[in-house]
Amino acid sequence: MVKKRKHISTLFKGVTINKVIKTLVYSDLILFTGWGFINPILAIFFTDKVSGGDVTMVGIAMGMYFLVKSLVQIPVARYIDLEKGELDDFWILITGSIISTSVPFIYLFVSEPWHVYAVQILHGLGAALSFPPWPAIFTRHIDEHEEGLEWSIYYSATDLGTAVAGAIGGFIAATYGYEFVMLAVGLFSIMSTFSLFHMKNDMRKRT
């Protein structure tokens, strides 16, 4: 006897996603969409707007970002693991988000290579503070038996946001200018940061 195939809707029957997971997904969806506008054209922005900017400068700038992020995020991760409760995770996440939010606004004023390097170092610091607490909070609050689904929802949402923004980012820059794009990225980053406050009261207290 051939078994009947289950309708796809039954795969999602009874699925509930808690507030913290929803907030984290929503926040990163906004953030990745905003940065998706500029990431594909950031190298062009540097070479067009910075005096003496070239591909070498772009490579050094990217390297500085990842170097700072790589060196700082491990001590940050160790600190939040040793501290009891989640309020420290939350406030470090907020601090890193605020620092990163300032980056697109500062980009509006860069004109020399050292300006770019300084901003990239700042951006790396913001990322190093934001990255460790985000997955830590997500992991603790993920719904039981929904681990694969909720991680997939996160990656699908952020990938789609990045894809849509990347597809139109160049058009927006060509039509309205780099300044408009940077302001849009900054606005999306602000909204992303403020959205995180929706989960503040759901952070686990020190025990």
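Structural remarks
- Members of the stretch 113-162 found to be exposed (fewer than 14 other Cβ atoms within 10 Å of the Cβ) and under 15 Å from ILE17 (Cβ atoms), listed by number: THR139, ARG140, GLU144, HIS145, GLU147, GLY148, SER152, TYR155, SER156
- The stretch 178-207 residues that are among the basic types (Lys, Arg), paired with ones that are surrounded by 15 or more Cβ atoms within 10 Å (Cβ to Cβ) (beta carbon under 8 Å, 6 or more apart): LYS200/PHE90; ARG204/GLU86; LYS205/GLU86
- Of the candidates LEU67, LEU93, LEU108, the single residue that is surrounded by fewer than 16 Cβ atoms within 10 Å (Cβ to Cβ) and either of a type in the set (Ser, Thr, Tyr) or in contact (Cβ under 8 Å) with a residue 60 or more places away in the chain (or both) is LEU108.
- Listed by position, the helices (runs of 4 or more DSSP H) inside the stretch 69-176 whose residues that are modelled with pLDDT under 90 number at least 1 are 147-176.
- Whichever residue in the stretch 168-207 is closer than 26 Å to ASN39 by Cα and among the polar types (S, T, N, Q) and, among such residues, is surrounded by the fewest Cβ atoms within 10 Å (Cβ to Cβ): THR175
- Single match in GLY14, GLY36, GLY53 (criterion: surrounded by 15 or more Cβ atoms within 10 Å (Cβ to Cβ), over 22 Å from the mean Cα position of the chain (by Cα) and either at pLDDT below 85 or within 24 Å of PRO135 (Cβ to Cβ) (or both)): GLY53
- Test result for GLU146, among the charged types (D, E, K, R), over 22 Å from LEU42 (Cα atoms) and out of contact with any Pro (no Cβ under 9 Å at 6 or more places or on another chain): yes
The values are calculated or read from the model by the stated rules, or taken from the named source; none is laboratory data. Just so we're clear, the structure is a prediction, and the values are computed from it rather than from any experiment. A quick note on method: Cβ atoms are made from the backbone with ideal geometry, for glycine too, and the neighbour counts reach across all protein chains shown.
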